1. List the GluC sites (Glu not before Pro) within segment 241-291 that fall in a DSSP loop (any state other than H, G, I, E or B) and whose Cβ has at most 15 other Cβ atoms within 10 Å.
2. What number comes out for accessible area per residue over segment 1-150 if the probe is 1.4 Å? Units Å², please.
3. Rounded to the nearest percent, how much of the accessible area of segment 20-174 (1.4 Å probe, protein heavy atoms only) is carbon and sulfur?
4. Using alpha-carbon pairs under 8 Å, 6+ residues apart, how would you state the relative contact order of the chain in percent?
5. Run through the DSSP bridge list for segment 1-132 and note the antiparallel percent, rounded to the nearest 5.
6. Divide by every residue of the chain the summed helix terms, -39500 (n - 2.57) for each DSSP H run of at least 4, and state the resulting mean residue ellipticity at 222 nm, rounded to the nearest 500 deg cm²/dmol.
7. Once neighbouring chains are kept in place and the probe is 1.4 Å, which whole percent of the accessible area of segment 210-294 is contributed by carbon and sulfur?
8. Give me a comma-separated list of calculated 3J(HN,Hα) values for segment 272-279, in order, Karplus coefficients 6.51, -1.76, 1.60 applied at θ = phi - 60°, integers in Hz, x for any Gly or Pro.
Amino acid sequence: MRAINAALPDNGFDLEASLIPSEEIYHGGPPRDGIPAIDKPRFVAAAEATFLKGSDRVLGIDRNGVRKAYPIRILNYHEIVNDHFKDEAVVVTFCPLCGTGMAFEAKLDGKSRSFGVSGLLYNSDVLLYDRETESLWSQILKLSISGPMKGHKLRQLAISHTSWEEWQRGGDSLVLSFDTGFSRDYSRSPYGNYGESESIYFPVAKFDGRYHPKEIVIGVEIDGQFKAYPIKELALGREPLVDIFAGQELEVRFNVELRSGGVFDSAGVELPSLTAYWFAWYAFHPDGEVYSAQ
């Protein structure tokens with residue numbers, strides 16, 4: 001794989017004066033929108049979601065009195081869903097290479113934005129673009145790295161990355177339908193055993209071999225400080241874990257079997273956190289803290 005400045009196309013995006021080095025931005029293979037975002041999502045009631053098994057992974061969002069689940073089996077092929085929770089525009093994103101599912105408010109500077117898949121990667125992570133300005137956005141950084149919106153941040157929302165069975169325990173939920181308007185075989189993953197292998201498809205700026213590259217970590221940012229909680233470490237202690245980080249008391253609730261969890265403040269309010277592969281978290285936050293049970 002070669003960087004986009006090594007004769008591979010930049011998919012029509014202006015990377016001059018990018019906030020990240022252009023030589024570290026890689027062409028992922030598909031052209032712009034070659035991985036098509038879902039712009040008109042269709043949902044079914046949980047009882048109608050017979051296409052899902054209890055063990056299937058989903059991203060779950062509970063917002064504005066509405067609960068929705070987005071199957072990873074669909075997100076593997078689309079990576080972005082432009083959606084609404086009542087009147088609030090929300091963009092749901094997933095990077096299969098980093099294992100990262102993140103949701104953001106899609107209203108910026110008072111205007112609702114629509115996002116697409118650029119076909120470009122930074123630290124193996126998807127770069128989104130907003131169709132209104134064609135600015136590029138780093139998913140994990142939550143930051144526009146080029147274009148008219150350069151320097152603007154996205155506001156991250158709390159999201160659950162868990163099994164369909166576990167998500168249903170929280171109450172009634174709508175489910176993103178396999179009827180997406182695209183012809184894809186959602187019964188299979190296009191990534192094979194990528195999630196278990198040690199292979200990483202694209203270069204990353206920083207790498208740390210203390211854990212398997214695909215070890216699941218729960219990462220949190222507080223006041224510009226970052227901390228990762230590897231499931232492997234959490235498994236050695238009691239659930240929930242009470243921790244002090246960045247001057248705040250946090251409660252990390254987790255399920256070792258499901259490799260899932262969330263971070264809550266002292267009042268029991270869930271904070272936006274990120275479930276990610278270890279290699280991806282470390283590539284972006286090499287100076288962050290890492291919880292150890294030892």
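The values are calculated or read from the model by the stated rules, or taken from the named source; none is laboratory data. On a predicted model such as this, the values are computed, not experimentally measured, just so you know. So basically every Cβ, Gly included, is an ideal-geometry build from the backbone, and we count neighbours across all protein chains shown. With ligands, DNA and RNA removed, areas are computed over all heavy atoms of the protein, side chains included. Shrake-Rupley method; radii C 1.70, N 1.55, O 1.52, S 1.80 Å.
1. Here the GluC sites (Glu not before Pro) that fit, given the DSSP loop and packing criteria, are Glu257.
2. On a per-residue basis, segment 1-150 sits at 38 Å².
3. Roughly 47 percent, rounded to a whole number.
4. So the answer I get is 19 percent.
5. Approximately 95 percent, going by the DSSP bridge assignments.
6. -1500 deg cm²/dmol
7. 43 percent
8. Whole-Hz 3J(HN,Hα) from phi for segment 272-279: x, 9, 10, 8, 8, 5, 3, 4.
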